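Colleague: I have a structure here, written as structure tokens, and I will follow up with some questions on it.
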Amino acid sequence: MGSAAATGLVRETTSTDPYRYQYGFGNHHATEAIPGALPHNGTNLPAKVRFGLYPEHLNGTSFISSRETVSNVWMFRERPGAPHGPLRPVQTQHQIHASFLPMNPNVDFTPLPHTWGPLAPPVSPGKTTFIQGLKTIGGNGDATLKEGLAVHQYAFDADMHRQAFVNHDGDLLLIPQHGELDIKTEMGCLRVPPGVISVMPAGIRFSVSIVPSQTDLAPPHAAGYALEVYGTRFKLPELGVLGGNGLAHVRDFEYPVAAFDLDPTPPPGVAPWEITIKLAGRLFSYTQPNTPFDVVAWHGCHAPYRYDLSRFHHLSANRDQLDPTAYCVLTAPSKYPTVSAVDFCIFGEKWAVNQDTMRIPYFHRTMAAELCGVIHGEYKGSVRPLEPGGLSFEASYMPHGESYESYALDQEQSLSPRAVGKVGTGFLSFMIHVPSHFGLTKWATQDHPDIRPERPGLWDSFRGHMLDHLDDVNACLSRAGMITLQPHEPPTPPDSPSGGAGAVQLVEVDRLAGGGGAVGHTEGLNHI
């Protein structure tokens, strides 16, 4: 005896999520809200579509694209998207940008680090939607060039009632920090609470609402982050020597099943639907009498999806530390082979097994700009006053790391074995790793409501320790036949605060190793 599955694996509804999902990153999904709505005769354009539906094609890539990059979807809907009212620019002032070229006066390229606090709920309760609450921190490139990216914060407290948003600039990765999002899209619906991310591909209309909290008595509001890419698509990072498993699994990415609203022509007095378009950072809108969420069936791979970050497989190292990109969930390729445009990495609960290794972030400089945010938990870094909902920025090539006090404490703890255990319990943060320069908007550097200034004197306590080991240093130099270091007191005024303490002089010795008896010249050379 045996049995066979009646259908493919679908995640069913739960007490906290009323929607169903299908699995598989980048899959060509096929889903019907009414059985038989998809054509099954080998064409997407039958002479007469069943149930009187209209076929509509959405292409996320050019017609001539390789199979591994092509992204499109066929929708079968009650009404096509073409019938709508005239387009008009949105006159309301906003802080959304999509051009980060150096000649843009609204963008500043600076090597200075920045830290921002979380965005507070809107001042006027119940009036700010997701579109109005989106604020651009910065980015690079330009949406019209189909190259670059943008990073945003958002805070809003009003549902998009009879409203939809469509981004013509690029794919949008949403990172909720506070408030659970209910996102209705043309492909179906998704619930996205903090700790879950979602990607809205370019060209897909969607509407965002806030799920009322069962425990929070305050008026509902939502806050978080968004990462937008131009001219490229998010993909899973290559696994290389890891083989077939590790990081984010393909099957843990969830896509909506087809769902549609029946929306006859509204009676007099009911407002039409308003569709807002973002193009080159500008907003436009049009109206239509019927809902845009009337897709009865669809098939393709150009569709929104979500991913629960708690399912990520963190890697561990016995020695040294892994690079941050070892915790990469999604990456977006650039036009340069093997170089990404951006990497989205997370840091959460994991096992710490590295021995004889510094545990705190090491001092480093990198060609990439780094933006870090906290989703939940206590941030234990010693340099940035960062909290959930906040964001920090380090420019490319600028040196950074932890404070001297943290470094010294970590050195002391390294002298004794530390028990292997979990770190980051109850903590989840992310890093947006940008292998390029990153420009900040004037809003971010001047008008953000919570700009955290740098701490004066933070680095004043740093000191060098090599002179504390001068005997050992000289012993090593002597054994190698090299110049030894000798302390000396240079002439300084008696009232000088430094007193010249700590200076050393290089003393001439015969170079015995590899120098053939050569003498090193040291006149006037001091090491401080």
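Colleague: Looking at segment 251-339, which trypsin sites (Lys or Arg not before Pro) are DSSP coil and have at most 12 other C-beta atoms within 10 Å of their C-beta? Intermediate values should be presented prior to the final figure.
Modeller: Values: sites: ARG251, LYS278, ARG282, ARG306, ARG311, ARG319, LYS335; in loops: ARG319, LYS335.
Filter output for segment 251-339: ARG319, LYS335.
Colleague: With all protein chains present and a 1.4 Å probe, how do SER310, SER15, SER124 order by accessible area, largest first? Write down the numbers at each step before the final one.
Modeller: Details: SER310 95, SER15 125, SER124 60 Å².
The ordering from most to least exposed comes out as SER15, SER310, SER124.
Colleague: How much net charge surrounds GLY148 when only other residues with a Cβ under 13 Å from its Cβ are counted (Lys, Arg +1; Asp, Glu -1)?
Modeller: Net charge in that neighbourhood comes out at -3.
Colleague: Under the Karplus relation 6.51 cos²θ - 1.76 cosθ + 1.60, θ = phi - 60°, what is the ordered set of whole-Hz ³J(HN,Hα) values for segment 294-309, x standing for Gly and Pro?
Modeller: Result, rounded to whole Hz: 10, 7, 7, 8, 7, 8, x, 10, 8, 8, x, 8, 9, 8, 7, 5.
Colleague: Can I ask one more? Go through segment 1-51 and name the trypsin sites (Lys or Arg not before Pro) that are in a DSSP coil and have 13 or fewer other Cβ atoms within 10 Å of their Cβ.
Modeller: Values: sites: ARG11, ARG20, LYS48, ARG50; in loops: ARG20, LYS48.
Sites meeting the loop and neighbour criteria: LYS48.
Colleague: Could you work out the Kirkwood radius for the chain, taking every pair of different alpha carbons, averaging 1/r and inverting it, reported in Å?
Modeller: On the way: mean 1/r = 0.0377 Å⁻¹.
Here the Kirkwood hydrodynamic radius works out to 26.5 Å.
Colleague: Please state the equivalent ellipsoid semi-axes for segment 362-406: what are the square roots of 5 times the Cα gyration tensor eigenvalues, largest first, in whole Å?
Modeller: Details: eigenvalues 73, 42, 9 Å².
One finds semi-axes of 19, 15, 7 Å for segment 362-406.
Colleague: Taking θ as phi - 60°, what are the ³J(HN,Hα) couplings along segment 277-293 by the Karplus curve (6.51, -1.76, 1.60), each to the nearest whole Hz, with x for Gly and Pro?
Modeller: My calculation for segment 277-293 gives 10, 9, 9, 6, x, 9, 10, 10, 8, 8, 10, 8, x, 10, 5, x, 9 Hz in order.
Colleague: Work out, in µm²/s and without decimals, the Stokes-Einstein translational diffusion coefficient of segment 195-292 at 4 °C, 1.567 mPa s, Rh from Kirkwood over C-alpha pairs.
Modeller: In µm²/s, the coefficient rounds to 71.
Colleague: Please give me the summed charge of the neighbours of PHE260: other residues whose Cβ is under 10 Å from its Cβ, Lys and Arg +1, Asp and Glu -1.
Modeller: Working: positive: ARG77; negative: GLU78, GLU186, ASP261, ASP263, ASP294.
Result for the neighbourhood of PHE260: -4.
Colleague: Also: What full-extension length gain, to one decimal in nm, is calculated for ALA326 and PHE109 as 0.36 nm per residue of separation minus the Cα-Cα distance? Walk me through the numbers before you get to the answer.
Modeller: On the way: separation 217, 0.36 × 217 = 78.12 nm, distance 2.78 nm.
Gain on stretching ALA326 to PHE109: 75.3 nm.
Colleague: Counting only heavy atoms of protein chains, what accessible area per residue, in Å², does the chain have with a probe of 1.4 Å?
Modeller: Computed with neighbouring chains in place, this is 51 Å² per residue.
Colleague: Tell me the chymotrypsin sites (Phe, Trp or Tyr not before Pro) within segment 402-480 that lie in a loop according to DSSP and have at most 15 other beta-carbon atoms within 10 Å.
Modeller: Counting only loop positions with at most 15 other Cβ atoms within 10 Å, the chymotrypsin sites (Phe, Trp or Tyr not before Pro) in segment 402-480 are TRP459, PHE462.
Colleague: A further question on this structure: Heavy atoms only, probe 1.4 Å: what % of the accessible area of the chain goes to carbon and sulfur, would you let me know? Let's see the in-between values first.
Modeller: Details: 15190 of 26990 Å².
Answer for the chain: carbon and sulfur cover 56 percent of the accessible area.
Colleague: Would you compute, for the Cα atoms of segment 388-459, the largest minus smallest coordinate along each principal axis and list the three values in descending order, in whole Å?
Modeller: 48, 30, 27 Å, listed from the longest principal axis down.
Colleague: Just reorder VAL229, VAL123 by solvent-accessible area, largest first, 1.4 Å probe, all chains present.
Modeller: Details: VAL229 0, VAL123 140 Å².
My answer, sorted largest first, is VAL123, VAL229.
Colleague: Using a 1.4 angstrom probe and counting only protein chains, how large is the accessible area of GLU412 in Å², to 10?
Modeller: Taking all protein chains as shown, GLU412 has close to 120 Å².
Colleague: Taking the Cβ of PHE25 as the centre, find all other residues whose Cβ is under 15 Å away and add up their charges (Lys, Arg: +1; Asp, Glu: -1). Present the calculation step by step, with values, prior to reporting the outcome.
Modeller: Details: positive: ARG11, ARG233, LYS235, ARG251, ARG306, ARG311; negative: GLU68, ASP171, GLU238, ASP252, GLU254, ASP308.
Its environment carries a net charge of 0.
Colleague: In Å and from the alpha-carbon atoms only, list the Rg and Dmax of segment 2-50.
Modeller: According to the Cα coordinates of segment 2-50, Rg and Dmax are 14.6, 42 Å.
The values are calculated or read from the model by the stated rules, or taken from the named source; none is laboratory data. Values in this document were obtained by computation on a predicted structure and should not be read as measured data. When we count neighbours, we look across all protein chains shown, and the Cβ atoms used for this are built from the backbone with ideal geometry, even at glycine. Surface accessibility is based on the protein's heavy atoms, side chains included, excluding ligands, DNA and RNA. Shrake-Rupley method; radii C 1.70, N 1.55, O 1.52, S 1.80 Å.
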